[in-house]
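Input: a single structure, listed below in structure tokens.
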Amino acid sequence: MRKFKVLTVCGTGIATSTVAAEKTKEMLKARGIDVEVIEAKASEVASKVQVFNPDVIVHTTPVSESAAPGIKKFRGLQFLTGIGMDKLADEIAAYLKNLE
Amino acid sequence: MTKFFFDERVVHIGLSAVEDIGVLKKMADALQHAGYVKDSFSQAIIQREKIFATGLPLEVYGVAIPHTDPHHVEVEMISIATLKEPISFGVMGNPEEKIAVNIVFMLAMKDSSAQLELLATLMCIIQDTSILKKIYETQNPRELMALLSTSMDKFI
């Protein structure tokens, strides 16, 4: 399986996306999926999407469709609260495996 | 992880304030008086909370983790407040949705990569209802600091 690319997004890019990035990496690895994760501030999404071309976006702040057209977006609050975290990781893993 | 030290001057027990902005202002002012953040921090954190809310709906308690851009920060610190009465904050990712918040961790952070472990540990703490309950019920700032330090050690 190829290495997938995940963009994590939060308001400032210093706190929650950092935690979400680590959790995404860890939980997808546990599901046999290797990912490269890049973090972005909400204001940088459009430019990072162009350069990094992510397979999915995990966000803790809203991301508009126009900033990342056609890219599957997952709300990542579960990675911060721990509630529903496994279900979210399962959903992301299933989506990525389907891309193969 | 290098040991993180809290500061009693920015630990608030039973804080009361008018709305979320009042909480942010009181906590930010204390951080500024203690020299951890610049004059601009207070306004920046209030503005950011309006656009990017930080309330986290957890199992029992509501927690908010307000923070803002690193250039408003002089020295890293985490300020903690338990609220006398729950105060409404917007939910992260959806500011229109509101939750009642009981505990606030205000993060004065400089550099994300250096702070990652600290943030990850803090996230473990807020996911642990029994620790949150102890934090919320503690009536003494020093006890609260000791409790947090011990809890952090547990998760490293």
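The values are calculated or read from the model by the stated rules, or taken from the named source; none is laboratory data. From a predicted model like this one, the values you see are computed outputs, not experimental measurements. Please note: Cβ atoms are built from the backbone with ideal geometry, for glycine as well, and neighbour counts cover all protein chains shown. We work out accessible area using only protein heavy atoms, side chains counted, and drop any ligands, DNA or RNA first. Shrake-Rupley method; radii C 1.70, N 1.55, O 1.52, S 1.80 Å.
Which ones in the range B:1-33 are over 18 Å from residue B:115 (Cβ atoms), in contact with an Asp or Glu (Cβ under 7 Å, 6 or more places away or on another chain) and open to solvent by 20 Å² or more (accessible area, probe 1.4 Å)?
Within the range B:1-33, B:16, B:20, B:32 meet the criteria.
Away from every other protein chain (no Cβ under 11 Å) and outside any strand (DSSP E or B): which single residue out of B:134, B:110, B:84 fits that description?
B:134
Run residue B:131 past the list (1) within 18 Å of residue B:69 (Cα to Cα); (2) hydrophobic (A, V, I, L, M, F, W, C); (3) surrounded by fewer than 21 Cβ atoms within 10 Å (Cβ to Cβ) and report the number of the one that doesn't hold.
(1)
Among the residues of the range B:92-103, which ones are at pLDDT 95 or above and either more than 16 Å from the chain's Cα centre (by Cα) or within 14 Å of another protein chain (Cβ to nearest Cβ) (or both)?
Taking the range B:92-103 and keeping what is at pLDDT 95 or above, we get B:98-103.
Correct list: B:98, B:99, B:101, B:103.
Looking only at the range A:1-27, filter to residues that are more than 14 Å from every other protein chain (Cβ to nearest Cβ) and either surrounded by 22 or more Cβ atoms within 10 Å (Cβ to Cβ) or among the small types (Gly, Ala, Ser) (or both); which one of those is farthest from residue B:48 (Cα to Cα)?
Top of the filtered list is A:6.
Just for the range A:28-45: of the residues that are in contact (Cβ under 8 Å) with a residue 24 or more places away in the chain and assigned to a helix (DSSP H, G or I), which one is most open to solvent (accessible area, probe 1.4 Å)?
By that ranking, first place goes to A:44.
Within the range A:46-87, restricting attention to residues that are touching a Gly at 6+ places or on another chain (Cβ under 7 Å) and free of Cβ contacts under 8 Å to residues at least 40 places away in the same chain, which residue is most open to solvent (accessible area, probe 1.4 Å)?
Ranking the qualifying residues of the range A:46-87, first place goes to A:75.
Somewhere in the range B:51-73, is a residue in a strand (DSSP E or B), open to solvent by less than 40 Å² (accessible area, probe 1.4 Å), in contact (Cβ under 8 Å) with a residue 60 or more places away in the chain and within 8 Å of another protein chain (Cβ to nearest Cβ)?
The answer is yes, given that some residue of the range B:51-73 is in a strand (DSSP E or B), open to solvent by less than 40 Å² (accessible area, probe 1.4 Å), in contact (Cβ under 8 Å) with a residue 60 or more places away in the chain and within 8 Å of another protein chain (Cβ to nearest Cβ).
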